[in-house]
Amino acid sequence: MFTGIIEEVGAVLEANEGRLRIACDTVRDGTHLGDSIAINGVDLTVVKIDGESLSFDCMPETYRRSNLGDLRAGDPVNLERSLQPTSRLSGHIVRGVVEATGTLLSHTPESDAIIARYGAPPDILWHTVVKGPITVDGVSLTVVAKDEESFSVSLVQFTQEHTNLTRKKPGDTINLESDIIARYVDRLLSERQST
C-alpha cells in the first residue's frame, strides 16, 4: 500500500522484456529484496539491489495495464516505497494496482500551478469525483474538474518539481488508479440494487 506522495524521480537504466532496472537513491535506502516499490504507480517487487539501482520483474499483465512497457533507458519515473504502519497517510490510499492508462491532453498554466487535463476510460471516470482523489503515474492528486471524456488536476509547484508529470507531453500515456473507496461503495450499491 502507498500514499501517492512521490519520494524520488528515478531514471530507467534498462527496460527489457520482463525486467526494469531503475537508478535511484532515496528509495534504495532501507529497501530489501522482496519489498514493494511503486514505479509510476505500479506496485513492483524488488528482485535485485546494487550500488546505484533497483531491479524489478514485470509480468505481461503489468504491461497490458500500464505504461511500463513504453519505458526506455533515460526515462524519468516516479518512485515511492510502500507505506509503513507508523507512517502518516499524506496522500490517499493507493494500492499500486494500475487499472488503466489514459492520455495527457494539455498543460495549462494557472498562476504558480499547472492545470493538467487527462483523457481517461469510462470506468475510471465513473469512479472519479470532483474534489476526490485520483492517482496519475503514482501521484496522489485531487480532481478539480471532470467531463464525459476527461478530468483535470492542479499541479502545485512542489508536485511540478518532484514528479515526472510536467515532463510529459500531450499525447503521452499515463497510469491511472481510481479511488478504491469509491469502487467499493459502487460495488456494494450495485449488489444491493440487484437483490
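The values are calculated or read from the model by the stated rules, or taken from the named source; none is laboratory data. Predicted model, so just to flag it, every value in this text is computed and none were measured. Note: ideal-geometry Cβ built from the backbone for every residue, glycine included; neighbour counts use all protein chains shown. In case anyone asks, the SASA skips ligands and DNA or RNA and just uses the protein heavy atoms, side chains included. Shrake-Rupley method; radii C 1.70, N 1.55, O 1.52, S 1.80 Å.
For the range 42-54, the count of residues that are touching a strand residue (DSSP E or B) at 6+ places or on another chain (Cβ under 6 Å) and closer than 21 Å to Ile134 by Cβ is at least one.
One line per residue, one yes/no per condition, for (1) modelled with pLDDT under 95; (2) charged (D, E, K, R):
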residue: Ile114; (1), (2): no, no
residue: Asp123; (1), (2): yes, yes
residue: Val129; (1), (2): yes, no
residue: Val136; (1), (2): no, no
residue: Asp147; (1), (2): no, yes
residue: Ser150; (1), (2): no, no
residue: Lys169; (1), (2): no, yes
residue: Val185; (1), (2): yes, no
residue: Gln193; (1), (2): yes, no
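Here is the figure for the range 56-101: residues that are in contact with a Pro (Cβ under 8 Å, 6 or more places away or on another chain) and in a loop (DSSP other than H, G, I, E, B) total 2.
One residue alone among Ser82, Ser140 is at pLDDT 90 or above, under 18 Å from Glu177 (Cβ atoms), of a type in the set (S, T, N, Q) and surrounded by 20 or more Cβ atoms within 10 Å (Cβ to Cβ), and that residue is Ser140.
All of Ala113, Ala120 fail the test of being crowded, with 18+ Cβ neighbours inside 10 Å, on the phi < 0 side of the Ramachandran plot and in contact (Cβ under 8 Å) with a residue 40 or more places away in the chain, apart from Ala120. Among the residues making up the range 155-195, those that are outside any helix (DSSP H, G or I) and farther than 22 Å from Asp123 by Cα are Leu155, Val156, Thr163, Asn164, Lys168, Lys169, Thr195. Of all residues in the range 113-154 being closer than 23 Å to Ile39 by Cβ and in a helix (DSSP H, G or I), which is farthest from the chain's Cα centre (by Cα)? The residue in question is Asp123. Mind listing whichever residues of the range 147-160 are under 16 Å from Thr103 (Cβ atoms) and in contact with a Leu (Cβ under 7 Å, 6 or more places away or on another chain)? Across the range 147-160, the qualifying residues are Ser150, Phe151, Val153. Are there any pairs with C-beta distances below 9 angstrom linking a residue in the range 175-195 that is free of Cβ contacts under 8 Å to residues at least 60 places away in the same chain to a residue that is open to solvent by 80 Å² or more (accessible area, probe 1.4 Å), with the two at least 6 apart or on different chains, and if so which? Within 9 Å, the pairs are Ala182/Trp126; Ala182/Val129. Among the residues making up the range 107-145, those that are in contact with a Phe, Trp or Tyr (Cβ under 9 Å, 6 or more places away or on another chain) and among the hydroxyl-bearing types (Ser, Thr, Tyr) are Tyr118, Thr128, Thr135, Ser140.
Among the residues of the range 1-32, the ones that are part of a loop (DSSP other than H, G, I, E, B), at pLDDT 95 or above and over 23 Å from Pro85 (Cα atoms) come to 1 in all. Within the range 33-54, being in a strand (DSSP E or B) and surrounded by fewer than 17 Cβ atoms within 10 Å (Cβ to Cβ) holds for Thr45, Val47, Lys48, Ile49. Scanning the range 155-173 for residues that are hydrophobic (A, V, I, L, M, F, W, C) and over 15 Å from the mean Cα position of the chain (by Cα) turns up Val156, Phe158. Got at least one residue in the range 72-79 being open to solvent by 70 Å² or more (accessible area, probe 1.4 Å) and either among the β-branched types (Val, Ile, Thr) or closer than 25 Å to Ile181 by Cα (or both)? No, there is no match, as no residue in the range 72-79 is open to solvent by 70 Å² or more (accessible area, probe 1.4 Å) and either among the β-branched types (Val, Ile, Thr) or closer than 25 Å to Ile181 by Cα (or both).
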